[in-house]
Amino acid sequence: MKKYLFALILPVLFLLFSCSTKQTVETRTISNEILKDKIAGGWAGKMIGVTYGAPTEFRAQGKTYEDSIKWKPADVKGSIWQDDIYVQLSFLMAMDKYGIDAPAKKFQEIFAKAGFQLWHANVQARKNFYDSIFPPQSGHPDYNIHADDIDFQIEADYIGFMCPGMPQTANKIADKIGHIMNYGDGVYGGVFVAALYSEAYFENDISKIIDKALLTIPAESDYSKIVKDVVLLHQHNPTDWRAAWAELEAKWGKVQICGAGSTFNIDAKLNGAYIVMGLLYGDGDPLKTMEVSTRCGQDSDCNPSNAMAVLGVIKGLNGLPAEYQQAVIAMGDSLFSNTTYSFNSAVDKTIVYAQKLAIENGGEANATELKIKVQAPQAFALEVSFPKLVFDRKINVSDPSVTKKGSWANSSKPKDPTKVELTSQAVYSANANDELSFEFDGTGVSLVGNWFKDGGKADVFVDDVFKRTIDCYFNFANQQHENMDLFHITNLPEGKHTIRVVVKGEKRPESLAANVYVNEILVFKSADKISDNLKFSFQ
């Protein structure tokens, strides 16, 4: 009898459970008109914010920017030359050519071969492409010392724009694109801002948008911790952003690898915190939001750009101040540098991708509206680029502790006969078997030098173990670079180590010579992160 009753009850329970499960999948409908307005608002906000902050970029390092900000809506035309826009449009162009599901290497190739100039994690990813280091290794901390830098954070907007209410879909795209140039917190920056946009389609409350976006990144990550700190600071003192900034700076301002030993900080999480500062203290007002994000300093064109784009999605283009709308519309068909995209065409193509992704994920589209199966945020797995690594000291190659064998020469010649002298103090050699070595006490080291069009190759040894052949050649997009990371290694055991560079006297065919340039050596050690040991004054 019991078996008989169970047999009758089981199908009923199954049906009830199935119905309950189905009810958890929420479907939201957005008209095509509103969808276009919100996508246009996102792109417009990005353009407006980046031009608002552009004159202040890195003018305030480790301090707030207190000079006047001179900006007028017509200045938005300068966005066509901003890397915040044109880099991500190269990825949109790769989607057009190869499809959304194309392998990451195809996206890296389009980006690496583009005519625009790049810096930090992006330029390292470009160099890695030409050195046959492809994703995800191209963004991995073993091959990119800029892994935690801001690069993907400022280039992930289009991902969120095309994923309304679909943060899981945004995560999938971000996982592939973000690891071209970043890792860990550097990837989480792009994941977080893309999620802000995904959530902003159907939520107007900025605090709720931030809370939902946080669910897409691991709670144990430093990126999550610093954003939560901003939320806490805002709750404690919702009217004085400068007081909150000072508390944040004291706790997080020195946690960085790129720019170690200086006030320069292009770390994704600190600059991401400034995005959140602008959003929370801006109270939904476009001008106030941009001003707070800009005055927080550091990469102060990127941060108001992301913050303003969030407002753009919330409000739509039609909800932005009339003079902002008019300025963007006036340049709507102007092509962004080294791309085939304008504002108008970027908006139109983003709509196409949003509809495509919605349909692929169970939604429906017709001539008037888009039905979207809203996704619950899911967190990435934890990645930590440089666990417990902190800067220790910097040694110039002229220091007696740096041993040089062979005929190394001081680099006083210009990189180009038609241009000014070098600004860095380097030694260089093109002679096979010339050596440079340095003994250090620590757990990590970075060899800093120049990438020039006459650069050559060298072998690097750590503790007499061959690690890798490096190549100092670079002449892409009419760029050469001084003071670049030629080679680095971390996670060494505590104690004394030796790094040795041996010139090969070899070069790639297009290089003008086989010179290996070395400027300085950075030493790192292991320690508890500074931020883990600090509390706010009110805690």
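The values are calculated or read from the model by the stated rules, or taken from the named source; none is laboratory data. Every value quoted in this text rests on a predicted model; they were computed, and no experiment measured them. Virtual Cβ from ideal backbone geometry, glycine too; neighbours counted across all protein chains shown.
Quick check on my filter: what residues within the stretch 486-505 are of a type in the set (Lys, Arg) and either under 18 Å from Val516 (Cβ atoms) or touching a residue at least 60 places away in the same chain (Cβ under 8 Å) (or both)? First the steps, then the outcome.
Residues of the stretch 486-505 of a type in the set (Lys, Arg): 496, 500, 504.
Matches in the stretch 486-505: Arg500, Lys504.
Which of the residues belonging to the stretch 154-164 are part of a loop (DSSP other than H, G, I, E, B) and either of a type in the set (Asp, Glu) or surrounded by fewer than 24 Cβ atoms within 10 Å (Cβ to Cβ) (or both)? Reasoning before the result, please.
Of all residues in the stretch 154-164, those part of a loop (DSSP other than H, G, I, E, B) come to 155-156, 162-164.
Result: Glu155, single match.
State the number of residues belonging to the stretch 323-351 that are among the small types (Gly, Ala, Ser), part of a loop (DSSP other than H, G, I, E, B) and either in contact (Cβ under 8 Å) with a residue 40 or more places away in the chain or not assigned by TED's automatic domain parsing to the domain that holds Ala40 (or both).
Applying the first criterion (among the small types (Gly, Ala, Ser)) to the stretch 323-351 yields 327, 330, 332, 334, 337, 342, 345-346.
Of the ones still in play, those that are also part of a loop (DSSP other than H, G, I, E, B) are 332, 334, 337.
With either in contact (Cβ under 8 Å) with a residue 40 or more places away in the chain or not assigned by TED's automatic domain parsing to the domain that holds Ala40 (or both) added as a condition, the list becomes 334, 337.
Residues flagged as among the small types (Gly, Ala, Ser), part of a loop (DSSP other than H, G, I, E, B) and either in contact (Cβ under 8 Å) with a residue 40 or more places away in the chain or not assigned by TED's automatic domain parsing to the domain that holds Ala40 (or both) within the stretch 323-351 amount to 2.
If I ask for residues that are of a type in the set (Asp, Glu) and either crowded, with 24+ Cβ neighbours inside 10 Å or more than 23 Å from Tyr143 (Cα to Cα) (or both), which ones from the stretch 178-225 would you list?
Asp185, Glu199, Glu203, Asp205, Asp211, Glu220
Among (1) within 20 Å of the chain's Cα centre (by Cα); (2) farther than 23 Å from Ala104 by Cα, which single condition is Gln168 missing?
(2)
Can you tell me which condition Ala94 does not meet? The list is (1) in contact (Cβ under 8 Å) with a residue 24 or more places away in the chain; (2) surrounded by 19 or more Cβ atoms within 10 Å (Cβ to Cβ), and all the others hold.
Looking at each condition in turn, Ala94 falls short on (1).
Of the residues Asp205, Asp185, which is of a type in the set (Asp, Glu) and without any contact (Cβ under 8 Å) to a residue 40 or more places away in the chain? Give the steps one after another, and end with the answer.
Values: Asp185 fails: without any contact (Cβ under 8 Å) to a residue 40 or more places away in the chain.
Result: Asp205 is the single residue among Asp205, Asp185 that is of a type in the set (Asp, Glu) and without any contact (Cβ under 8 Å) to a residue 40 or more places away in the chain.
Can you pull out the residues in the stretch 516-538 that are outside any loop (DSSP other than H, G, I, E, B) and more than 30 Å from Val501 (Cβ to Cβ)?
Applying the first criterion (outside any loop (DSSP other than H, G, I, E, B)) to the stretch 516-538 yields 516-518, 520-526, 530-533.
Result: Ile530, Ser531, Asp532, Asn533.
Of all the helices (runs of 4 or more DSSP H) wholly in the stretch 72-153, which have at least 2 residues that are more than 30 Å from Val328 (Cβ to Cβ)?
The qualifying helices (runs of 4 or more DSSP H) are 104-112, 120-130.
Where residues in the stretch 438-458 are out of contact with any Ser or Thr (no Cβ under 8 Å at 6 or more places or on another chain) and closer than 9 Å to Tyr517 by Cα, which of them is surrounded by the most Cβ atoms within 10 Å (Cβ to Cβ)?
Gly449
Answer with yes or no whether Ala354 is part of a loop (DSSP other than H, G, I, E, B) and either at pLDDT 95 or above or of a type outside the set (Ser, Thr, Tyr) (or both). Step through it out loud before you land on a result.
On the way: part of a loop (DSSP other than H, G, I, E, B): no; either at pLDDT 95 or above or of a type outside the set (Ser, Thr, Tyr) (or both): yes.
Answer is no for this residue.
Could you please tell me which pairs satisfy a Cβ distance under 7 Å, a separation of 6+ or placement on different chains, a first residue in the stretch 230-243 that is closer than 15 Å to Ser293 by Cα, and a second residue that is surrounded by 13 or more Cβ atoms within 10 Å (Cβ to Cβ) and of a type in the set (S, T, N, Q)?
Arg242/Thr64; Ala243/Asn237
Within the set of pairs 6 or more residues apart or between chains, which connect a residue that is farther than 22 Å from Thr490 by Cα inside the stretch 428-441 to a residue that is of a type in the set (Ser, Thr, Tyr) and surrounded by fewer than 21 Cβ atoms within 10 Å (Cβ to Cβ) with Cβ atoms less than 7 Å apart?
Going by the 7 Å Cβ cut-off, the qualifying pairs are Ser429/Ser407; Asn431/Ser407; Asp434/Ser407.
Would a scan of the stretch 467-475 turn up a residue that is within 23 Å of Phe111 (Cα to Cα) and of a type in the set (Phe, Trp, Tyr)? Steps first, please.
In the first step, residues of the stretch 467-475 are kept if they are within 23 Å of Phe111 (Cα to Cα); the result is 470-475.
With the extra rule that they be of a type in the set (Phe, Trp, Tyr), the set shrinks to 473-474.
Scanning the stretch 467-475, I find at least one residue that is within 23 Å of Phe111 (Cα to Cα) and of a type in the set (Phe, Trp, Tyr), so the answer is yes.
List the residue pairs whose Cβ atoms are under 6 Å apart, where the first residue sits in the stretch 506-523 and is outside the structural domain of Lys457 (by TED's automatic domain parsing) and modelled with pLDDT of 95 or more, the second is in a strand (DSSP E or B) and buried (at least 20 other Cβ atoms within 10 Å of the Cβ), and the two are 6 or more positions apart or on different chains.
none
Scan the stretch 254-293 residue by residue and report those that are polar (S, T, N, Q) and closer than 13 Å to Gly62 by Cα. Step through it out loud before you land on a result.
From the stretch 254-293, those polar (S, T, N, Q) are 256, 262-263, 265, 271, 289, 293; that's our starting set.
Hits for the stretch 254-293 are Gln256, Ser262, Thr263, Asn265, Asn271.
Quickly run through the stretch 524-539 and pick out the residues that are modelled with pLDDT under 95 and in contact with a strand residue (DSSP E or B) (Cβ under 6 Å, 6 or more places away or on another chain).
Ala527
Does Val313 count as farther than 27 Å from Lys113 by Cβ, touching a Lys or Arg at 6+ places or on another chain (Cβ under 9 Å) and surrounded by 14 or more Cβ atoms within 10 Å (Cβ to Cβ)? If you could, list the steps in order and put the result at the bottom.
Numbers: farther than 27 Å from Lys113 by Cβ: yes; touching a Lys or Arg at 6+ places or on another chain (Cβ under 9 Å): yes; surrounded by 14 or more Cβ atoms within 10 Å (Cβ to Cβ): yes.
It is true that Val313 is farther than 27 Å from Lys113 by Cβ, touching a Lys or Arg at 6+ places or on another chain (Cβ under 9 Å) and surrounded by 14 or more Cβ atoms within 10 Å (Cβ to Cβ).
Within the stretch 187-208, can you find the residues that are part of a helix (DSSP H, G or I) and charged (D, E, K, R)?
Residues of the stretch 187-208 part of a helix (DSSP H, G or I): 187-200, 206-208.
Selection gives Glu199, Lys208.
Conditions: (1) among the hydrophobic types (A, V, I, L, M, F, W, C); (2) out of contact with any helix residue (DSSP H, G or I) (no Cβ under 6 Å at 6 or more places or on another chain); (3) in contact (Cβ under 8 Å) with a residue 12 or more places away in the chain. Ala112 meets all but one. Number of the miss?
(2)
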